[in-house]
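Q: Below you will find the structure I want to go over with you.
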């Protein structure tokens with residue numbers, strides 16, 4: 001059973017600060033996705049990473065996939081209140097295999 | 001931009017009743033999934049579906065659950081006899097293959113099921 005862990009579980013920061021959240025596993029993933037989920041809504045895909053060492057940027061968000069494809073990080077620069085939400089990582093071992101979700105990091109950005 | 005849609009958005013039912021949750025995946029996607037999320041807990045995989053059959057299912061997906069793709073566009077999850085613990089947000093997802101064989105998965109907005 002693949003287990004994805006995310007840290008920290010909760011994070012509360014001031015607007016303008018930088019932050020990094022982590023997603024770790026002992027399993028190797030063929031692809032890993034980051035989502036943001038608002039209360040009462042479905043997860044919204046932010047990015048998919050597939051290559052070990054890959055770095056993707058999405059405006060102020062930088063995603064990195066570990067060289068061994070077992071871990072990933074999400075870095076947010078100059079956080080804004082609109083970044084508040086639950087950040088989930090999910091990995092699949094192979095195409096067609098179900099995605100396993102981590103428990104999420106709940107981010108709160110205070111104005 | 002294409003998206004996964006789900007109906008209804010909310011469903012309230014009595015314990016023991018049957019419910020059918022409906023999803024329309026993105027049209028050129030080949031894999032379809034159901035997940036659930038109990039309030040305050042993490043997203044849990046239920047079942048994946050490919051080529052008109054179940055490709056993988058979790059321990060949660062017992063005999064009271066079934067899935068169907070009745071008409072080539074809809075993808076349904078049926079719960080035959082609902083229990084209180086089935087109360088959750090149910091998400092449908094569909095995926096396409098990226099170059100190199102990896103996969104990207106898109107979620108619907110969810111159906112909130114409340115079993116009384």
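The values are calculated or read from the model by the stated rules, or taken from the named source; none is laboratory data. Predicted model, so just to flag it, every value in this text is computed and none were measured. FYI the Cβ positions are ideal-geometry reconstructions off the backbone, even for glycines, and counts take in every protein chain you see.
Q: Go through (1) more than 24 Å from residue B:41 (Cα to Cα); (2) touching a strand residue (DSSP E or B) at 6+ places or on another chain (Cβ under 8 Å) and name the single condition residue A:68 misses.
A: (2)
Q: Moving on. Every residue in the range B:95-116 that is more than 7 Å from chain A (Cβ to nearest Cβ) and modelled with pLDDT under 90, please.
A: The answer is B:95, B:96, B:99.
Q: Of all residues in the range B:26-47, how many are out of contact with any strand residue (DSSP E or B) (no Cβ under 8 Å at 6 or more places or on another chain) and more than 17 Å from residue B:6 (Cα to Cα)?
A: Here the count works out to 2.
Q: How many of the residues in the range A:1-45 are facing another protein chain (nearest Cβ under 10 Å) and either at pLDDT 95 or above or assigned to a strand (DSSP E or B) (or both)?
A: So the answer is 9.
Q: Right, here's the next one. Select, from A:7, A:31, A:12, the only residue that is farther than 16 Å from residue A:89 by Cβ and touching a residue at least 60 places away in the same chain (Cβ under 8 Å).
A: From the options A:7, A:31, A:12, the qualifying one is A:12.
Q: Which of the residues that make up the range A:80-104 are within 17 Å of residue A:8 (Cβ to Cβ), surrounded by 22 or more Cβ atoms within 10 Å (Cβ to Cβ) and more than 10 Å from chain B (Cβ to nearest Cβ)?
A: Matches in the range A:80-104: A:87, A:89.
Q: From B:58, B:27, grab the single residue that is more than 12 Å from the chain's Cα centre (by Cα) and facing chain A (nearest Cβ under 9 Å).
A: Checking each option against the conditions leaves just B:58.
Q: Separate question: Please work out which residue is modelled with the lowest pLDDT, limiting yourself to the range A:80-111 and to residues that are assigned to a loop (DSSP other than H, G, I, E, B) and within 15 Å of the chain's Cα centre (by Cα).
A: A:99
Q: Quickly run through the range B:18-37 and pick out the residues that are part of a loop (DSSP other than H, G, I, E, B) and surrounded by 13 or more Cβ atoms within 10 Å (Cβ to Cβ).
A: Residues satisfying the conditions are B:25, B:26, B:29, B:30.
Q: Okay, moving on. Mind listing whichever residues of the range A:46-67 are without any contact (Cβ under 8 Å) to a residue 12 or more places away in the chain and part of a loop (DSSP other than H, G, I, E, B)?
A: Matches in the range A:46-67: A:54, A:59.
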